[in-house]
1. Using alpha carbons only, how many degrees (0 to 90, rounded to 10) separate the axis of helix 260-269 from the longest principal axis of the chain?
2. Residues with amide H under 5 Å of residue 115's amide H, sequence separation 5 or more or different chain, H placed in the peptide plane at 1.01 Å from N; which?
3. Report the extension gain between residue 65 and residue 257 in nm, rounded to one decimal, defined as 0.36 nm multiplied by the number of residues separating them, less their alpha carbon distance.
4. Take the Cα radius of gyration of the range 203-249 and divide it by 2.2 N^0.38 Å, with N its residue count; two decimals is plenty.
5. What is the dipole size for the range 215-329, taken about its Cα centre, with +1 at each Lys and Arg Cβ and -1 at each Asp and Glu Cβ, in debye to the nearest 20?
6. In cubic angstrom, how much convex hull volume per residue do the alpha carbon atoms of the range 207-354 span?
7. Can you give the calculated 222 nm mean residue ellipticity of the chain, where each DSSP H run of n ≥ 4 adds -39,500 (n - 2.57) and the sum is split over every residue, rounded to the nearest 500 deg cm²/dmol?
8. When the scattering of the chain is computed by the Debye formula from its Cα atoms alone, each counted once and equally, what is log10 I(q)/I(0) at q = 0.07 Å⁻¹?
Amino acid sequence: MNTGTSSPALLLLAIMILPYQATAAGAGGLHPLVLVPGAGGNQLEARLTAGYQPSSLICSFYPVLKQKGGWFRLWFDPTVLLSTFTRCFSERMMLHYDKESDDFRNTPGVETRVCNFGSTESLLCLDPSLKGITAYMAPLVNTLEEMGYVDGETLFGAPYDFRYGLAAEGHPCRVGSKYLSDLKALIEKASTDNGRKPVIILSHSLGGLFVLQLLTRSSPSWARQFVKHFIALSAPWAGAVDEMLTFASGNTLGVPLVDPLLVRGEQRSAESNLWLLPNPKLFGRRPLVVTPNANYSAFEIEEFLDGIGYPEGVYPYRTRIKPLVEELDMVEPPPVPITCVIGTGVDTAEVLVFENGFGDDRRPVVVYGDGDGTVNLESLLALETLWSNQSVKVIRLSSISHTSVLTDETSIREIVGEISSVNSYALSEK
């Protein structure tokens, strides 16, 4: 965000923030704030070992320039816009489900890591050399710093390997479970280092699902002690029809020049994408995908995966993911105030019509409904719908998309206002 601008929106934002800064400083400071990004919302690094078997000669040495120890940025690297390098990227991002261990793993010979856990550094932008066009949470973080938050002291980032997800109870989930453990430890440390003030957690998109799982899997006493408020931006609580498009045809996520079929394989392989398929209990039995031979609702996800030519996704979905998403309306709501900030009024995929059936060269006709351009409205409102006895506040932002919720001035003003309100209320309780 350009803090030198004098737009009316930013002047209003400054008017809102400055009085609170003085009040908070005089009253012992702010509640610590932990940011949890969405899928693709932080940098990932990788290195290749002797076990790596490249699909081409180019992939054996690309990229030429690497960091100490052979590490390089896997996500995001703008060279993936070139089809030759897109193939290298895709095979390195690929996950593999191992039925024997009942868990997902990297492609053999590819090691990955998340850098700067605890800091907002890897959340600001996806490529430090292209900060402007790959900015992610930078506009929001800049505004939070104007409010008085300091990275590593009162403001913390919790990046993760967003390809991995979580599984239902009784199934191993090495990467996802470790992330929940690390996130829990970060929240506890942030609270302890700030006079035992409970933490405000702010998530975006997929990050909200991880936070909700942490809260429902932790004891109520832990949540009351360490979490003051949970603010979820654009959370796909019940998945999205857009994920069915990703599985069927690939999704470039708006990145130009990339052939969606080149990335479809790695997108299908991501455990987190299985997690984001539409929840049967919220989407019901209405057709979401229509073909000449069969229609598929959220109750026919297994048949859909088989129909698009991805039968290997059926077993992990049936055993690990389906039981996890079906428990959404059965878990006890956490004893923590929740605010959902959602965009509405943006065309969002509601039904996918494959007029000539599935095929690599066939894109669907998309029937649009309400949502934020990525997540359907019923999914964004799922907690309010399911937890009628739990106080869930919803802030609706007209014409704000799934990602612009992090950059739009009106949206940032609402988010900062909610954080200020939580802090002000906490001060009034003393």
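The values are calculated or read from the model by the stated rules, or taken from the named source; none is laboratory data. Everything numeric here is computed off the predicted structure, so don't read it as measured data. Cβ coordinates were reconstructed from backbone atoms using ideal geometry, including for glycine residues, and neighbour counts include every protein chain displayed. Just so you know, the surface numbers come from the protein's heavy atoms only, side chains and all, with ligands and any DNA or RNA stripped out. Shrake-Rupley method; radii C 1.70, N 1.55, O 1.52, S 1.80 Å.
1. With both axes taken from Cα atoms, the answer is about 70 degrees.
2. 45
3. Working: separation 192, 0.36 × 192 = 69.12 nm, distance 2.36 nm.
That works out to 66.8 nm of additional length.
4. Working: Rg = 13.8 Å, N = 47, 2.2 N^0.38 = 9.5 Å.
Working it through for the range 203-249, the quotient is 1.46.
5. Details: 11 positive and 13 negative charges, 105 e Å.
Dipole about the Cα centre, nearest 20: 500 debye.
6. Details: hull volume 19.2 nm³, N = 148.
Dividing the Cα hull volume of the range 207-354 by its residues yields 130 Å³.
7. On the way: 17 runs with 156 residues, N = 430.
Roughly -10500 deg cm²/dmol at 222 nm, from the helical runs in the chain.
8. -0.33
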